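Asks: Got a structure for you, questions after.
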């Protein structure tokens, strides 16, 4: 099972306002019906990314806002949680990194291949919201036009998001990916903090950066207010997500669907 995500170019995003999208998919019940239609087209499990690509880039052209992966993930998991054994959707073990989803009536025998129940430790490390609302990993320094308030543009599909004013934990990487520096952008936002590292003693020591943000991303791509009160459990789950992304420990990489639903790809900024 492989995941293929259409590449979205700057030109595609620029044409977003001129594209015709089917509106009214904010309600989970509507989205659920469209997810079922997508799953009905496949006779083998497909991933969250593949389902989202079909919804956003396919014939239905659903407008799911700036975080369609998150919307589809939440819809699928809510349906499975609420429906239990009566839910027509089955989540199966991944061949690679991500779990697959299939309609039960497509392949009844697949029920025999479902993985055994997970341990409490595994359950506790998966699918928890945490405090991190979005992240970008391994973004290229040279793709940003650096100034005191740089545009740090990212996307999942069609809607771009500027993360300059994000409150975040960030990392600077050397060209080989090794983490050179870890910082926290709070009073000085993410854009300002990264810009300062283009003119300070670390100037020559990094070529990529990553961030894990705490301000939520709205459907229109704007950033909301950072949470005022964060539960310790949310902090712990966020720390697990960050460590998984940085170290990629194989024994803890169980069904990272929620984690993937927060990931943004980098969109270069024009000079």
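Asks: Which FRET efficiency value, to the nearest 0.05, is calculated for residue 203 and residue 235 with the Förster distance at 30 angstrom and r the Cβ-Cβ distance?
Replies: On the way: r = 32 Å, r/R0 = 1.06.
So, using R0 = 30 Å, E works out to roughly 0.40.
Asks: Mind checking the full-extension length gain between residue 82 and residue 32? Use 0.36 nm per residue of separation minus the Cα-Cα distance, one decimal, nm. Could you put the intermediate results ahead of the total?
Replies: Values: separation 50, 0.36 × 50 = 18.00 nm, distance 1.24 nm.
Computed gain between residue 82 and residue 32 is 16.8 nm.
Asks: Starting from the Cα-Cα distance between residue 174 and residue 106, subtract it from 0.36 nm times their residue separation and give me the gain in nm to one decimal.
Replies: Details: separation 68, 0.36 × 68 = 24.48 nm, distance 4.68 nm.
Once the chain is fully extended between residue 174 and residue 106, it gains 19.8 nm.
Each reported figure results from applying straightforward, stated rules to the coordinates on display, with no laboratory input. It should be emphasised that the depicted structure is a prediction, and the values quoted were computed from it without experimental measurement. All Cβ positions, glycine included, derive from the backbone under ideal geometry; neighbour counts span all protein chains shown.
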